[in-house]
Structure formats: structure tokens, C-alpha cells
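Below is one structure, written out as C-alpha cells, with a few remarks after it.
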Amino acid sequence: MAVRAGRALPFPARIARSDAALPLGLLAPSIIYLTLLILVPVAQALFLSIQTEQGTFTLENYQRVTNDAAFVDSLFNTAKLLVLIVPIQLTLALAMALLINSRFPGHGIFLYIYAIPLAISDLAAGIVWLSIFGDTGYLNTILQGLGLIKDPISYLSYENLHLVLMAIVVAESWRATAIVMVILLAGLQLIPRDYFEAAELFGASRWRRTIQIVLPLLRPSLQSALIIRTIFAFQTFAVVLALAGRQFPVLAYEAYDAYANLFNPRLAAAWAGLILLMTLTVVVFYLRVFKVSEAETAR
Amino acid sequence: MSAAATPAPQRKSQRRGVLVDRILLYGVAVLLALWTLVPIYLIAIAAFSEKVAVFEYPKALLPTRFSTETMEFFVGSSGVITSVKNSVIVALGTIVVALALGAPAGYALSRFRFPGRDAFQLAVLSSKMFPIAILAIPLAVTFIDLGLYDKLIGVIIIHSAMVLPFVIIVTAGVFATVSRELEEAAQTLGTSRLGAFMRVALPLALPGLAAAAIFAFVTSWNEVFAATILTLRERTLPALVVASLNQSPLYFKFAGGFFLIIPSLFFIWFMRKYLFNLWGPGR
């Protein structure tokens, strides 16, 4: 190599010999695949959403979406879900992560249990909670058995939309707390053990230790958990479908409905375009608020 | 902080404090475990009881009416066996495509500093941000043109795109834990770069790669939206269950829900070692 280095090589060979050739060659398949299957479809969807059936350009699809009663409802529903679910999830996940991180004897089995919902789909979670919140379900059985209610309650009926909301909040908190826990647990690994020990040495109570030392250090992880959960909140779909059907409109269902039931891919693309817009808006908003580099939040 | 330095009574109260701490700790841990497990237990007894038991009220909270009738009905329902088979094929296909594409990229990220490395990493991470709806809908249109609509390969293609960013990041973390020196040592002993990778790095990385594969399987097995949009007859299991949510009886849903959960219990067990650093590998 060293001997031949001075000689000018033909162009392709020069690239092949350069240091960047091997890594770029290894990355190329992924870059091509992700471009073809993520960037191209996104562009295509946006293009589709501003087309009429005849192929001329129009804003009609977006007008139809924003004039749809389900649009405002689904936005509000998503916002309600976010506001209710995120604090519950963060609290539960933080408790789980702190417990596991203290590495008490037997923490392994508890970590396994807490992580199980990580592999449970939103559809399955919706069905699980359907068996609990259904009219003849387990919750009514238990509450009536304890004498807390006289008659079974219809949690999932359109007459009790706030109960429907509650059921979805519980189901989503149950399912998606695991991913938040995993994010926080990874964040806790980065905090040196000395911090915990030093705080203990100075006699800080467990509670104060958590609030004053762990939480500030955990900020990046809390932020990425918040971003991830918000992004996925706009995609809530099967959990709602299994528990509430159409009574509780969400954006992803409307996109699905436009495609699968109305056979209108352009309208569906407009719904999807709005989901993307919401997602991007929220991510940019968070990045502004948190004032951290993208690389850091994306972790 | 030697024990001898503390007076006896204080030591005693300290010990009691430790005991209270312990009880509190296990108490909270057990409560959180019940919060996770009880719903799974309940759907399991709903799935393993007679069909009529689904409509009974009040419900039995213990598996006193154990029966495989509901599960048998579910498995025997038209399309279920085929959809399970389809789900497995799609998930395995997703593993193959995502690892074949992603593992080399992960290896490159862990071994080389090259121009554009950070930009690539950022692009990979932000690609997770795109909602599945905006990928699935135009792809359905494209797949109809290409003759890939309602074909399992179409679902494999989109599921691979969904898990590829994850696989790249995880494999980068996995290879980062495999010592580079070992690979170099093998090379000085006369193997080629490829030989060193195949004989040294790959075997050492295998458990981590298996965890990535399991995660790819789970993501694909659970994915509802794209599978429902991209198929009509060649349904995966979640697509079949979602499409029939309106018409199917409760016992079918409960059995289906439980069936969908089963793999999660095993998969998380297999990757439990990686849970600590699942979200921040190699740091």
C-alpha cells in the first residue's frame, strides 16, 4: 500500500482505496432503503394530498379534512390523551426505573415484568382493557362485589364519553409506560453511582435525593421520553378502535377510514399530512423549549 | 461510617429504618408488578373459559371455568391459522431484511469515523419520527401499481423500513462492545478483514444481534396500521383482528387479544439482559 500510495489510481479505484469507502459501502444499502421507503413515500403522500382525482392540484382535500367535525374532535382528543397520559406514565415509569436501578435483590424479575408491555401491541392492550371495562367486565364485577356500585356501569358507552376517555388513558398508560421506563432506565445508567452515595452520606432523605439530584440529571431522558410519547400520541389508533370504536375520533383512525372505507387515498394522505404537521410542530416546539441540541434529544 | 462509631440505640433504629425501607421498596415493586400482570391474568382467564362465560355477569375472577372452547373457536375461525402463518412469515422476513441492511450500517457506525457520520446518525434517528400513516398510504398506492399490494412481501418491505433505524442503532451499540483489538489481532494472524469479522466480531456480537432480531419480530408482529392498509385477503393476525373488530363476538376478540400477547412474555424474557441499555446502547 505504502509503496503504491504515490501513484495516481484511476478514479473508481481511488474511491475504493480511500478510508471512507468501506463505511460508506456498508451504509449505502440502509441509506438507499430508508430514502426509498421513508423520504419518497412522505413526498408522495404530500403530493397525493394536494391532488384531485383527475390529477390537478387543489387544496380541497385539506379543506375537507379541516371542515370535518372529526378533525377538531380528534385534535382535542389527542390533546386530552396527552395531558392525562404523560404525567401518569412519567410517574409510574420513574418509580419503576428508580426501583430497578437500586438493584435490590430480585430486581431482575421485576424488570422483566415491568417490561412485558413493551412487546404488547396497542391492539392487544385495547382488547385486554375491553375485558375489564366492558359492561359485563371485570371492573364492574369487582366494584359490585365490593359493594361500591349498585349496578354495572357502561364505561364505554357514548353517553359516558369522559369514562371512555378514562378507559383509553388507563389502557395507554398500562401499555406504553414500559417504553418510558426503558428510556429512563438507560438515562439512570449514565448517572454515576457516586452521586447517589454522596447524597446518602450527607443525609439527604430518599425523597429529596430523588427530586434534587436524580431528576435534574435525568432531564435529557425525560425530554426524549416526552417527545417520543407525544409523537406516538398522534398515531394512537388500535387502542381507541378496540375500546371505543368511532365514538372517540383520533387522527390516525380518520386516515385509515378515508383510505379503507371511503377508498380515497388523496383524502387519507391529507389526514396523514396533518399528522406529520402536528408531529413536526410539537417536536420543533419541544426543541425550542428545552433548548437542547437535536442530537441530545434524539437519544 | 463504621458501625462501631454509632451508639447502640441509634444503630437499632437505623436497622429498623432499613427494614421499613425494604418493606416499602418491595411493597411498591409488587404493586407496580400487579398493575402490569393483573390485566394479563384477566384476559387469560377470559380467553380460557367457555364462550358463554364471556357474557356472564358477574365474572369469575378465578379460573374456575377453565375451558379451551374459546381458544379453539378462535384458532378454528376462518382465516386465523393463515393470518398467524402470515404474521410469522412477515416478522421473519422483517428480521432478515432489517438485519441484512442494518447490521452492516451499525458495524460501520461503531468502527469508523468518517465524514457525514453524525449527519447519518441524526437522519436515522429522525426517520423514526414519520407517522406510519404517511408511509403506508402512498406505499399502498405504489404497491398496487407494482403488483405488491395484498402480498406479504409488501408488508415485509414496510415493516423493515420501520425497524431499520432501530436495528442500525442497536447493532452499532452491540459492535461497540465487541473489542476492536480482537479483530485486529485476528488480522495480524493472517485472516482477511472479512475473515476477522466473520470469525471474531460476529460470534461475539451474536447475542446482541439476536436481541435486535427479537425486537424486529415484535415490532412486526404487533404492527396494525400498515398491515391493515396494505392487505385485503393476505391478512396478518393484527390486521385480521382489527378488520373484524366491528363484527366479531367478544369471545373472539378476547381470545385474539390473549393470542397476540403470548409472544411478548417470551420475547421480553429472552432480551431481559438488554433491557437496561435498550435505549442507549453502547454508552
If you go through A:Val164, A:Val180, A:Val170, A:Val214, the only one that is in contact (Cβ under 8 Å) with a residue 40 or more places away in the chain, over 30 Å from A:Ala270 (Cβ atoms), in a helix (DSSP H, G or I) and more than 10 Å from chain B (Cβ to nearest Cβ) is A:Val214
Among (1) of a type in the set (A, V, I, L, M, F, W, C); (2) at pLDDT below 85; (3) within 25 Å of A:Ala125 (Cα to Cα), the one test that A:Ile213 misses: (3)
Among the residues of the range B:223-241 satisfying the criterion of being within 9 Å of chain A (Cβ to nearest Cβ) and either in contact (Cβ under 8 Å) with a residue 40 or more places away in the chain or surrounded by fewer than 24 Cβ atoms within 10 Å (Cβ to Cβ) (or both), which is farthest from B:Ile157 (Cα to Cα)? B:Pro238
If you go through A:Leu163, A:Leu218, A:Leu241, the only one that is surrounded by 21 or more Cβ atoms within 10 Å (Cβ to Cβ), at pLDDT 90 or above and not charged (D, E, K, R) is A:Leu241
Do the conditions hold for B:Leu265, that is, is it within 8 Å of chain A (Cβ to nearest Cβ), out of contact with any strand residue (DSSP E or B) (no Cβ under 7 Å at 6 or more places or on another chain) and either assigned to a loop (DSSP other than H, G, I, E, B) or hydroxyl-bearing (Ser, Thr, Tyr) (or both)? no
Across the range B:135-162, what is the total count of residues that are within 8 Å of another protein chain (Cβ to nearest Cβ) and in contact with a Gly (Cβ under 7 Å, 6 or more places away or on another chain)? 0
Candidates A:Leu148, A:Leu111, A:Leu99, filtered to the one that is away from chain B (no Cβ under 12 Å) and either under 30 Å from A:Arg209 (Cα atoms) or surrounded by fewer than 15 Cβ atoms within 10 Å (Cβ to Cβ) (or both): A:Leu148
Do you know which residues across the range A:111-153 are under 21 Å from A:Ser173 (Cα atoms) and of a type in the set (Ser, Thr, Tyr)? A:Tyr112, A:Tyr114, A:Ser121, A:Ser131, A:Tyr138
Restricting to the range B:89-120, what's the tally of residues that are in contact (Cβ under 8 Å) with a residue 24 or more places away in the chain and more than 7 Å from chain A (Cβ to nearest Cβ)? 15
Checking B:Pro238 against (1) closer than 19 Å to B:Tyr149 by Cα; (2) touching a Lys or Arg at 6+ places or on another chain (Cβ under 9 Å): exactly one of these is not met. Which one? (2)
For the structure I just gave you, tell me whether A:Ala124 is among the small types (Gly, Ala, Ser), in contact (Cβ under 8 Å) with a residue 24 or more places away in the chain and either closer than 30 Å to B:Ala227 by Cα or assigned to a helix (DSSP H, G or I) (or both). no
Take B:Ser220 and decide whether it is in a helix (DSSP H, G or I), more than 10 Å from chain A (Cβ to nearest Cβ) and not β-branched (Val, Ile, Thr). yes
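The values are calculated or read from the model by the stated rules, or taken from the named source; none is laboratory data. Source: prediction; values computed, not measured. Because the Cβ atoms are built from the backbone with ideal geometry, glycine has one as well, and the counts that use them run over all protein chains shown.
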